[in-house]
Amino acid sequence: MFPGMAMAAQSAQYRGHSTEWWTQFQEVSERFDAASITEAMADVIIPKIPSPLLRREAEIAAEVVVLHLNKPLSEELKVRAMRAIHRLVATVERLTERATGDETGTEAAYALCHALDGRWADAAAEAEPLVGTQVLLKAFVKALRLERFDNALAVRLLRAGQSPQTAVQAGLVVGKYSWWPTWLLKIVTERALAGTLDDDTITALDQCAYAELSPAQSKMARRLLNGDETLIDGAAFRLETMGEPRAAAKLREGDLTAVALAARLIPL
């Protein structure tokens, strides 16, 4: 943390998510894009800086830093970025020292300094009360740079209170299995929102997708996946009478991988 910022950070009245929570985004993606998150955070934080002169200096610093992040091998841009950050920090600290009362008007500028210095989780925790949660979630999810990933679903799950890890897992599943029928993707969303989307469920859903179920069988599979005890008992009995006692036992024990077989044996 830059000199003088510790006191400002401690005195800020935070609400929303903690620094530790925001840090999880960097932990779930090895491709986390520094330039993307820095530019996105600058775009939403800078307008919240009340001083026109400070806001202009913040814009200049952000532009140089993003240029460097997009061309990390450039020594010239590296030096320019470091100078711009230190100049902005010095200006913010000087304004804070001169201010009277509890409100300094530099809260957003402090958050931007952390963002430009690569401390995006700190910056997000500080900026959230100023800019809101939604824009920050979109910025962090976009910066993950994951292939075959449903960004919209991930943001929806995060807004519903799920952890970044859970939201990213669901986004990856839907992105990877986008060819699944709508009723299966709906189950993925429901399970993810409830925090119960695990590997067993994904395996079972994949088998249902490959089973080419009719609309009636798909409806039955959905009820089986949702734990309809009456239907499970009836399907297990049908499996037993058709010479599939092991599958019947698995279905009664809650093994979801038997759902696809049970659904296919339901008369059309």
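The values are calculated or read from the model by the stated rules, or taken from the named source; none is laboratory data. As the structure is a prediction and not an experimental result, all values here were calculated from the model. Here Cβ is always computed from backbone atoms with ideal geometry, including for glycine, and neighbour counts include all displayed protein chains. Ligands, DNA and RNA are excluded from the accessible area calculation, which covers all protein heavy atoms including side chains. Shrake-Rupley method; radii C 1.70, N 1.55, O 1.52, S 1.80 Å.
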Rg [Å, one decimal], Dmax [Å, integer] - the stretch 151-221, C-alpha atoms
12.1, 36
Nearest 0.05, what FRET efficiency do THR203 and LYS78 give at R0 = 51 Å with Cβ-Cβ as r?
0.60
Counting only heavy atoms of the protein chains, get the accessible area per residue of the stretch 106-203 (1.4 Å probe) and round it to a whole Å² value.
41
To the nearest 20 debye, what is the magnitude of the charge dipole of the stretch 39-165 about its Cα centre, counting +1 on the Cβ of each Lys and Arg and -1 on the Cβ of each Asp and Glu?
360
With θ taken as phi - 60° and the coefficients 6.51, -1.76 and 1.60, list the Karplus ³J(HN,Hα) couplings across the stretch 257-263 in order, rounded to whole Hz; mark glycine and proline as x.
5, 7, 5, 4, 4, 5, 5
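Which value, in debye to the nearest 20, gives the size of the charge dipole of the stretch 133-219 about its Cα centre, when Lys and Arg are +1 and Asp and Glu are -1 at the Cβ?
The calculation lands at about 460 debye.
Over the alpha-carbon set of the chain, divide Rg by the Kirkwood Rh and report the Rg/Rh ratio to two decimals.
Working: Rg = 25.5 Å, Rh = 21.5 Å.
For the chain, the value is 1.19.
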Between HIS86 and ALA35, the FRET efficiency computed from the C-beta separation at R0 = 35 Å comes out, to the nearest 0.05, as 0.95
Per-residue ³J(HN,Hα) for the stretch 172-186, Karplus 6.51 cos²θ - 1.76 cosθ + 1.60, θ = phi - 60°, Hz, x for Gly and Pro
5, 4, 5, x, 6, 10, 5, 7, 4, x, 4, 5, 6, 5, 5
At a probe size of 1.4 Å, how large is the accessible area of LYS138, to the nearest 10 Å²?
110
Answer in debye to the nearest 20: the dipole magnitude of the chain about its Cα centre, from +1 Lys/Arg and -1 Asp/Glu charges placed on Cβ, is 560
For the table LYS48/LYS71; LYS142/LYS219; LYS138/LYS219, the rows whose alpha-carbon distance is greater than 30 Å are LYS142/LYS219; LYS138/LYS219
With the 8 Å Cα cutoff and a minimum separation of six or more residues, the chain has a relative contact order in percent of 18
Sorted by packing (mean other beta-carbon atoms within 10 Å per residue), highest first, where do 234-241, 189-196 land?
234-241, 189-196
Förster radius 51 Å - calculated FRET efficiency between GLU27 and ALA216 (Cβ-Cβ, nearest 0.05)
0.70
The stretch 146-268: C-alpha gyration tensor shape, a/c 1.5 cut-off, then a/b vs b/c
prolate
Farthest positive-ward along the chain dipole, Cα basis, beta-carbon charges - from VAL174, THR106, GLY195
VAL174
